[in-house]
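The values are calculated or read from the model by the stated rules, or taken from the named source; none is laboratory data. Source: prediction; values computed, not measured. When we count neighbours, we look across all protein chains shown, and the Cβ atoms used for this are built from the backbone with ideal geometry, even at glycine.
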Amino acid sequence: MPENPAIDNLLNETRRFPPSKDFAANANVTEEAYAEADADFEAFWAKQARRLTWETEPTQNLDWSNPPFAKWFADGKLNAAYNCVDRHVEAGKGDKVAYYFEGEPGDTRTITYADLKDEISRGANALIELGVKAGDTVAIYMPMIPETIFAMLSCARIGAIHTVVFGGFSADALSTRIQDCNAKVVVTADGGYRRGAPSALKPAVDKALESCPDVHTVLVVERTKQDTHMQDGRDKWWHDYVGKQSSEHTPEAFDAEHPLYVMYTSGTTGKPKGILHTTGGYLVGCAYTHWALFDLKADTDIFWTAADVGWVTGHSYIVYGPLANGTTSVMYEGTPETPHRGRWWEIVQKYKVTILYCAPTVIRTFMKWGEEVPARFDLTSLRLIGSVGEPINPEAWIWYRRVIGADRTPVVDTWWQTETGSSMIAPLPGVTAAKPGSAMRAIPGIFTDVVDDTGKSVPNGSGGYLVVTKPWPSMLRTVYGDDQRYVDTYWSRFKDVYFAGDGAKKDGDGDVWVLGRVDDVMNVSGHRMSTTEIESALVSHVKVAEAAVVGATDADTGQAIVAFVILRGELPEEEQGPELITELRNHVSTQIGPIAKPRQIMVVQELPKTRSGKIMRRLLRDIAEKREIGDVTTLADSTVMDLIQENLAKST
Ligand code: 6R9
């Protein structure tokens with residue numbers, strides 16, 4: 001169980017925030033939805049499937065004949081891009097804005113649904129000309145610009161599987177992912193804008209492709225116009241190659257279970273898992289939750305998910321959910337403090353954003369910057385604000401509602417994962433009297449529980465492991481190319497239920513308080529990283545013999561990476577100073593990406609291990625969080641902890 005002494009204080013939280021009468025009276029979803037879904041959850045989801053336009057309407061709902069491999073709506077056929085774009089144009093909404101794009105340097109673009117249809121038709125034609133076929137994979141390594149979305153939907157349109165690799169990841173991370181999913185085409189850009197300056201992407205692609213001989217084409221979007229090396233015969237400018245294509249393309253319908261995308265996420269071992277989502281069920285999950293949890297009024301709302309498209313939150317709530325629902329969204333390229341700390345609030349004011357969805361880590365940053373910053377802007381357009389990525393602590397929740405939501409808007413804290421595809425546990429904005437810090441309860445059609453070590457449901461007031469007890473449409477279908485890993489990771493810990501890897505508590509009312517990961521996956525600013533991945537990077541440095549990494553509670557980033565390293569014996573004292581620590585931090589950054597840079601690295605002589613050789617990270621976390629050391633009885637050598645502490649006392 002995750003040890004989290006703060007949780008008992010959390011559970012004493014007594015503040016309640018019901019929706020206003022007005023909000024409740026006009027809400028999309030009422031309390032009856034729970035009972036309706038409980039009575040027949042398959043019928044409930046079959047009804048939600050009617051939100052989409054099917055070329056062949058499904059007559060089947062859930063096929064669970066081969067658990068844990070689910071099929072949903074399997075005899076239905078549809079095209080995801082048609083559902084996101086063409087059908088809105090056909091319904092006379094071609095002039096409706098799909099995205100207001102705001103570049104970091106202040107450049108803007110307005111993209112209508114008709115524009116989107118032309119762009120993705122050209123993209124589809126380009127991919128076809130390059131020989132990409134339904135079922136092939138295309139890797140997308142991009143900044144936050146509209147072409148990222150065009151590329152994703154161009155793939156979806158022809159039934160190709162996209163895999164978007166977060167632009168902050170390193171060349172190594174990119175090449176591993178390209179190899180794992182066997183992509184032969186990569187879409188990238190010269191660079192993007194980050195903190196007021198162009199930041200190159202293409203060099204990382206060039207480096208990654210040194211170990212990916214199967215990639216025959218790289219399409220390069222021109223964004224920053226910086227000097228860019230183009231390899232003859234392999235690299236093509238997007239504006240030349242895609243730009244010359246016809247904007248006519250008729251989308252073909254695919255089976256509901258046709259793969260839509262793979263998104264890589266950290267696992268407990270170093271190798272990332274390729275989470276596979278398929279077309280019909282995934283889109284149903286995104287469309288329903290986007291409509292229900294954000295109380296979406298497609299005709300009037302201006303929706304903004306302030307997250308990267310390279311995170312699942314971007315896939316589901318910048319791209320697929322909002323577009324399936326015909327929404328107008330804002331897309332912002334850069335960081336919140338460029339060129340000033342009020343940039344987000346300026347954007348809310350400028351576009352009259354009505355719904356904002358972001359992560360607790362950035363809310364905590366805004367708290368640090370002070371409420372006088374948002375106070376300078378008109379935020380009265382906001383009517384609902386959401387949170388995702390990690391547990392939101394009550395102070396941040398209250399601040400978010402009071403300062404950003406004018407003490408008026410519902411705050412919708414949504415628990416979900418790359419694997420779940422769409423939101424699972426959240427308040428219903430027009431129904432729930434929300435508690436700050438709790439994601440509340442499973443939404444209609446989703447069934448979760450908190451269980452003990454033996455898989456038994458715990459009583460209210462107790463903690464345990466968070467599980468999902470019934471299949472759901474947007475669930476992952478497998479780990480790409482590794483069915484066994486899918487079974488082992490998610491369906492083997494407990495019988496017949498999905499193991500989410502999170503610890504949680506039920507309060508006295510049965511509402512859920514998510515505590516965080518129970519495995520060795522850390523959550524830093526909403527990004528998941530495995531301890532093993534970072535340890536491998538550290539150990540790959542010539543001066544490091546061994547490394548152990550833990551996530552320590554951090555007021556800003558949720559968790560922060562703290563590393564313990566054992567140096568190689570031959571290193572003289574004078575070479576073990578601050579320069580070495582900086583060198584190691586930078587090394588991790590180039591190996592994995594800046595987000596993986598440890599906050600702190602401590603040099604130690606020994607690491608605490610069990611008899612079977614497993615590092616006991618729990619104990620290192622005690623040190624990192626400056627707590628009394630917990631139980632050491634399962635250590636192979638119980639004096640190791642004393643040694644580490646003596647060692648650290650000397651060096652600080
Ligand atoms: C969407 C997303 C999933 C992990 C998940 C949990 C944590 C996400 C949360 C939350 C508490 C919330 N998490 N939302 N914890 N409250 N509202 O974040 O996907 O990147 O796969 O991470 O994030 O630990 O298991 P992903």
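The table that follows gives values for the structure above.
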quantity: Verdict on Gly437 being part of a loop (DSSP other than H, G, I, E, B) and away from the ligand (no atom under 16 Å from the Cβ); calculated: no
quantity: Test: residue in region 387-396 that is within 16 Å of the ligand (Cβ to nearest atom), outside any loop (DSSP other than H, G, I, E, B) and under 19 Å from Thr289 (Cα atoms); calculated: yes
quantity: Close pairs (8 angstrom Cβ cut-off, 6 or more residues apart or separate chains): at pLDDT below 90 in region 10-23, surrounded by fewer than 18 Cβ atoms within 10 Å (Cβ to Cβ) and in a loop (DSSP other than H, G, I, E, B) anywhere; calculated: Leu11/Gly461; Leu11/Gly508
quantity: Residues of region 374-386 classified as touching a residue at least 40 places away in the same chain (Cβ under 8 Å) and within 16 Å of the ligand (Cβ to nearest atom), total; calculated: 2
quantity: Given (1) closer than 15 Å to Cys358 by Cα; (2) touching a helix residue (DSSP H, G or I) at 6+ places or on another chain (Cβ under 7 Å), index of the condition Trp397 fails; calculated: (2)
quantity: Criterion (modelled with pLDDT under 90 and in contact with a helix residue (DSSP H, G or I) (Cβ under 8 Å, 6 or more places away or on another chain)) met by exactly one of Gly516, Gly526, Gly503, Gly481; calculated: Gly526
quantity: Flag if Gly233 is at positive phi and part of a loop (DSSP other than H, G, I, E, B); calculated: yes
quantity: Positions within region 321-331 being more than 16 Å from the ligand (Cβ to nearest atom) and touching a helix residue (DSSP H, G or I) at 6+ places or on another chain (Cβ under 6 Å), in sequence order; calculated: Leu323, Ala324, Asn325, Gly326, Ser329, Val330
quantity: Residue among Asp507, Asp511, Asp496, Asp488 that alone is more than 30 Å from Arg383 (Cα to Cα), touching a residue at least 12 places away in the same chain (Cβ under 8 Å) and acidic (Asp, Glu); calculated: Asp496
quantity: Complete set of residues in region 304-320 that are within 13 Å of the ligand (Cβ to nearest atom) and hydroxyl-bearing (Ser, Thr, Tyr); calculated: Thr305, Thr313, Ser316, Tyr317
quantity: Flag if Thr176 is of a type in the set (Ser, Thr, Tyr), closer than 28 Å to Ser536 by Cβ, in contact with a Phe, Trp or Tyr (Cβ under 9 Å, 6 or more places away or on another chain) and modelled with pLDDT of 95 or more; calculated: no
quantity: Matching strands (runs of 3 or more DSSP E) fully within region 65-166 where at least 1 residues are of a type in the set (Ser, Thr, Tyr); calculated: 97-102, 108-112, 137-141, 161-164
quantity: Selection status of Tyr261, aromatic (Phe, Trp, Tyr), in a strand (DSSP E or B), in contact (Cβ under 8 Å) with a residue 60 or more places away in the chain and under 29 Å from Thr53 (Cβ atoms); calculated: yes
quantity: Thr59, sole failed condition from (1) part of a helix (DSSP H, G or I); (2) more than 27 Å from the chain's Cα centre (by Cα); calculated: (1)
quantity: Strands (runs of 3 or more DSSP E) lying entirely in region 446-543 (those with 1 or more residues that are aliphatic (A, V, I, L, M), over 30 Å from Asp308 (Cβ atoms) and within 16 Å of the ligand (Cβ to nearest atom)); calculated: 448-451
quantity: Qualifying positions in region 343-362 - buried (at least 19 other Cβ atoms within 10 Å of the Cβ) and not in a helix (DSSP H, G or I); calculated: Val353, Thr354, Ile355, Leu356, Tyr357, Cys358, Ala359
quantity: Residue list for region 28-57, filter: surrounded by fewer than 17 Cβ atoms within 10 Å (Cβ to Cβ) and over 30 Å from Glu252 (Cα atoms); calculated: Asn28, Thr30, Glu31, Glu32, Ala35, Glu36, Asp38, Ala39, Asp40
quantity: Count of region 224-273 residues which are small (Gly, Ala, Ser), at pLDDT 95 or above and either surrounded by fewer than 17 Cβ atoms within 10 Å (Cβ to Cβ) or touching an Asp or Glu at 6+ places or on another chain (Cβ under 6 Å) (or both); calculated: 5
quantity: Single unsatisfied condition, Asp413 versus (1) acidic (Asp, Glu); (2) more than 13 Å from the ligand (Cβ to nearest atom); (3) farther than 30 Å from Ala256 by Cβ; calculated: (2)
